[in-house]
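Let me begin by presenting the structure, written as structure tokens, before commenting on it.
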Amino acid sequence: MPDAAIELVDVNKWYGTFHVLKDINLTINSGEKVVICGPSGSGKSTVVRCINQLEKHQKGTIRIDGTELSDNAQSVATIRSEVGMVFQQFNLFPHLTVLENLTLGPIKARGLSKKEAEEKARHYLERVHIPDQADKRPIQLSGGQQQRVAIARSLCMEPRVLLFDEPTSALDPEMISEVLDVMVELAQEGMTMVVVTHEMGFARKVADNMVFMDAGEIVEQGKPEHFFTNPRSERCQKFLSQIL
Ligand code: ADP
Ligand code: MG
């Protein structure tokens, strides 16, 4: 058995009195790709934000590479350095160039020299197929290009795991595939990935495990070949019939 890169055991979370995550159990082995889908408000973003410690869970256990998440500042720093995140809204710094967006983290958080950080940044811009955009500001790029910059920025931190929260939902339709293509390449290169998306073509291509959430619960999970052809729960059947 490969090592579990991420393990959630009976994870529960409340926003005030609102029980947003209910007994979430999920194991993501090193190199695996998990796709999470489900209706709006079902708790998908909250799950990935808990894995990245942007949110705290109140009950249950989350482990990343065997390290249990806790309030301890060291554990927060360790996890943050191992887990990269790509958001729906790109979250690039508008006043910085693409290259500066990419080098900021490695210089500030990793202690790389400017030259080392720039070499790394250019390497990953190459990987996401926009080596010629380094000196532009985000606003001068298309949405698809901005999202690929955001992916390259995550990769510059050399994460062990990449989380994606609806990375193509803010994009015009014609730009979705250029981002998904980059994500498929990452998947094929062995990156451990947790992807919240409704792009089921992508899911069929890369997912090792499909997770369907509704009302704060994992209602169903399994291999894509079973998940898509034979969903057991009515809620999952209904959801898939609406989006496929
Ligand atoms: P999804 O990503 O599946 O759309 P979210 O995880 O964003 O779902 O949200 C799950 C539920 O929690 C929703 O009902 C949402 O309104 C609520 N919620 C999300 N963030 C907060 C917050 N910071 N405070 C209170 N409620 C929140
Ligand atoms: Mg969400």
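The values are calculated or read from the model by the stated rules, or taken from the named source; none is laboratory data. Predicted, not measured: the structure shown is a model, and the values here were computed from it. Every residue, glycine as well, gets a Cβ built from its backbone with ideal geometry; the counts of neighbours run over all protein chains shown. Note: accessible area is taken over every heavy atom of the protein model, side chains too, but ligands, DNA and RNA are not part of it. Shrake-Rupley method; radii C 1.70, N 1.55, O 1.52, S 1.80 Å.
Sorting Thr61, Thr229, Thr197 by solvent-accessible area of protein heavy atoms yields Thr229, Thr61, Thr197, largest first, with a 1.4 Å probe. Between Asp23 and Arg63, the contour length at 0.36 nm per residue exceeds the Cα-Cα span by 12.9 nm. Rounded to the nearest 20 debye, the dipole size of the range 124-244 about its Cα centre is 140 debye, using +1 on the Cβ of Lys and Arg and -1 on the Cβ of Asp and Glu. Normalised by the number of residues in the range 146-244, the average gap of Cα pairs under 8 Å and 6 or more apart makes the relative contact order 21 percent. In the structure shown, the pairs Lys114/Lys136; Lys56/Lys115; Lys33/Lys238; Lys205/Lys238; Lys115/Lys136 are assessed against 27 Å; a Cα-Cα span above that value is assigned to Lys56/Lys115. Ordering Val211, Ile176, Gly143 by Cα displacement along the dipole of the range 58-215 toward the positive end leaves Gly143 in first place; charges were set at the Cβ atoms of Lys, Arg (+1) and Asp, Glu (-1).
Kirkwood radius for the chain, taken over all pairs of different Cα atoms as the inverse mean of 1/r, rounds to 18.5 Å. Which is farthest toward the positive dipole end of the range 1-97 among Ser40, Gln53, Leu92, measuring Cα position about the Cα centre, with Cβ charges +1 (Lys, Arg) and -1 (Asp, Glu)? Value computed over the given set: Ser40.
Measuring from a point 7 Å past the Cα of Asn12 along Cα-to-C-beta, which residues in the range 40-60 have an amide N at less than 15 Å? Within reach of a label on Asn12, which here means backbone N under 15 Å from a point 7 Å along Cα→Cβ, the range 40-60 contributes 57-60. Computed extension gain for Glu189 through Glu126, at 0.36 nm per residue and net of the alpha carbon distance, reaches 21.2 nm. With helices as the sole contributors, the chain gives -12000 deg cm²/dmol at 222 nm; each DSSP H run of n ≥ 4 counts as -39500 (n - 2.57), and the sum is divided by every residue. Per-residue accessible area (protein heavy atoms, 1.4 Å probe) orders Tyr15, Tyr124 as Tyr15, Tyr124, starting from the largest. Between Asp181 and Leu96, full extension at 0.36 nm per residue minus the direct alpha carbon distance yields a gain of 28.0 nm.
Relative contact order, whole percent, for the chain stands at 26, derived from Cα pairs under 8 Å and 6 or more residues apart. Sorting Lys114, Lys136 by solvent-accessible area of protein heavy atoms yields Lys114, Lys136, largest first, with a 1.4 Å probe.
Distance between the 7 Å Cα→Cβ label points at Thr229 and Val76: 4.7 nm. Quick check on the chain: of the DSSP beta bridges with both residues there, what percent are antiparallel, nearest 5%? Of the beta bridges lying entirely in the chain, close to 55 percent run antiparallel. Expressed as a whole percent, the accessible area of the range 100-242 that falls on carbon and sulfur atoms is 46 (1.4 Å probe).
In sequence order, the range 162-168 has phi-based couplings of 10, 9, 10, 10, 6, x, 10 Hz under the Karplus curve 6.51 cos²θ - 1.76 cosθ + 1.60, θ = phi - 60°, and Gly or Pro positions carry x. Take every Cα pair under 8 Å whose residues are at least 6 apart in sequence, average their separation, divide by the length of the range 5-133, and the relative contact order is 20 percent.
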